[in-house]
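Heads up, the thing below is written out as structure tokens.
Values quoted throughout were computed directly from the atomic coordinates according to the rules given, and no laboratory measurement underlies them. Every value quoted in this text rests on a predicted model; they were computed, and no experiment measured them. Cβ atoms come from the backbone with ideal geometry, glycine included; neighbour counts cover every protein chain shown.
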Amino acid sequence: MSIDIYVRWTVERRPRKGWLDMRVTKAQAEQNRAHIVATASRLFRERGYDGVGVAELMAAAGFTHGGFYKHFRSKADLMAEASASGLSQTAARAEGRDPAEFVELYVSREHRDGRGDGCTIAALSGDAARQPADIKTEFAAGIEKLLTALQAQSDTPGDADPRATRTMVIDMLAHSVGAVMLSRACPEGSPLADEILDVCREEILASLTLGNVDGSEAGGPEA
């Protein structure tokens, strides 16, 4: 009789232990998913969307190929989520930096050579243009977030036309992204690759300085 009681007590406790295990497993699954997204974001920036397959991506993250579909319905879903993650990182890095500081860091050899850790816009805009609408939507949202971060550091009190500031920031970003993309298209170590960065950086910074001078002169008589 005492044995039967002991067995019942053991069986009754097992579901509770299992419930606690499930909570830990769910938390770990969320961490695993975030790790896969971060790994994919880096690899996509390095090789492009078509340059790395699901099996290789999962191996790089430390998981088996079969585990992929526990987290994502398709590679396209992961592409969209990884793009959104990378774009958010770029916007976060721009926060608190004025346009000139942003250009110095962005239009640089360090950024050009560090593709996997660099800006998703410069690394994947060409690929994104050939992808489905959901990925383009992520890029549009990410670019807008970056523009907002840059414009926040560019606005000055008393601006008569906020649109002028936005126009300047769009122009600056487009030139900066284009400079990095052109430089990367050249052979590694090519003098032209460095020349493109140097010329574009100087011209962009000069245009920012000119814009600030013009803006001050325009506001002078009204002050």
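Overview of values
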quantity	calculated
Using a Förster distance of 30 Å, the FRET efficiency for D50-H175 (Cβ separation, nearest 0.05)	0.65
Residues with amide H under 5 Å from that of F63, placed H, sequence gap 5 or more	none
Ellipsoid equivalent to the range 71-170 - semi-axes via the Cα gyration tensor, in Å	27, 17, 11
Theoretical gain in end-to-end length, T209 to A34 [0.36 nm per residue, Cα-Cα removed]	58.9 nm
For the range 171-188 versus the range 74-120, the gap between their alpha-carbon centres in whole angstrom	13
The range 117-194: Rg to Rh, with Rh as the Kirkwood radius over Cα pairs	1.06
R163-D198 FRET efficiency (beta carbon distance; Förster radius 25 Å; 0.05 resolution)	0.20
